[in-house]
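Written below as structure tokens is the structure these notes are about.
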Amino acid sequence: MKATTDALNLTDRVAQQVRAKLIHGEFVPGQRLSEASLSEALEISRNTLREVFRILTKEGLLVHEPNKGVSVAVPSMASIIDIYRVRRMIECQALAQAYPMHPARALMREAVDAALRHRDAEDWSGVGTANMAFHKAIVELADSERLNEMFSHLLAELRLAFGLLRDPHFLHAPYVNMNQRILQLFEEGQPAQAAQALNDYLVHSERIILAAYARRLAETGNKGL
């Protein structure tokens, strides 16, 4: 029984590692994943990796094609719209109803400060990762482990959607100041105004990503990405 439990725990841990790689932008939409090289890099057996692939395929993060292997999923327009619908429901509600001195506020501040440092260094991938941390902290304001876990999966899907836009500067730069403003409103005891600013932010971000998706479709002659 213990061996089975250990195997399950290992699979879950590795699945989380791969999700983290997706969130940090280490894998891009459509990228083929080599079973041999990835199992070696993660120091796990191929059988364990195949189980991880199965889990992440079920979550919609990977795609398995017969005779072609496993690749990183390319988000559909419908999935992007749904991601942002869920984000507005969860994040805006969490922010609007949050306790002003919640510990996650410090995590929001850390993420904003990290984004500013990365922006000054023109590290736009780093800005994107800090942005992810900011929104993860917002969800933590809700004090729900279920929401935290669900949102970690959503963040991985979201980073794939970001991967459709090949200009990380254009994608991430505007949101550093927006995040600062949202945090400022929250710290000033204006959670409702902060939630409204966040809603406007998410609407703007969704439009940018959908426009990028439409351009990619046009480039590929509407034959898929």
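The values are calculated or read from the model by the stated rules, or taken from the named source; none is laboratory data. Computed from a predicted model, the values in this text were never measured in an experiment. Note that we place each Cβ from the backbone using ideal geometry, even for glycine, and neighbour counts take in every protein chain shown.
The residue that is surrounded by the most Cβ atoms within 10 Å (Cβ to Cβ), among those in the range 36-80 that are of a type in the set (S, T, N, Q) and touching a strand residue (DSSP E or B) at 6+ places or on another chain (Cβ under 6 Å), is Ser71.
Restricting attention to the range 168-211 and to residues that are among the β-branched types (Val, Ile, Thr) and over 21 Å from Asp113 (Cβ atoms), the residue that is modelled with the highest pLDDT turns out to be Val203. Among residues of the range 58-75 being at negative phi and outside any loop (DSSP other than H, G, I, E, B), the one that is modelled with the lowest pLDDT is Glu65.
Within the range 84-115, the set of residues being touching an Asp or Glu at 6+ places or on another chain (Cβ under 6 Å) and closer than 19 Å to Arg159 by Cα comprises just one member, Tyr84.
The selection criterion, being of a type in the set (Gly, Ala, Ser) and farther than 19 Å from Leu183 by Cα, holds for Gly69.
Assessment of the range 24-31 against the conditions (assigned by TED's automatic domain parsing to the domain that holds Glu188 and not in a helix (DSSP H, G or I)) yields no matching residue. Within the range 88-143, being within 16 Å of Ile182 (Cα to Cα) and of a type in the set (Ser, Thr, Tyr) holds for one residue alone: Tyr99.
Note on the range 118-225: enclosed helices (runs of 4 or more DSSP H) holding 1 or more residues that are touching a residue at least 60 places away in the same chain (Cβ under 8 Å) and over 17 Å from the mean Cα position of the chain (by Cα) are 168-187, 191-219.
From the list Ile44, Ile55, the lone residue that is more than 14 Å from the chain's Cα centre (by Cα) and assigned to a loop (DSSP other than H, G, I, E, B) is Ile44.
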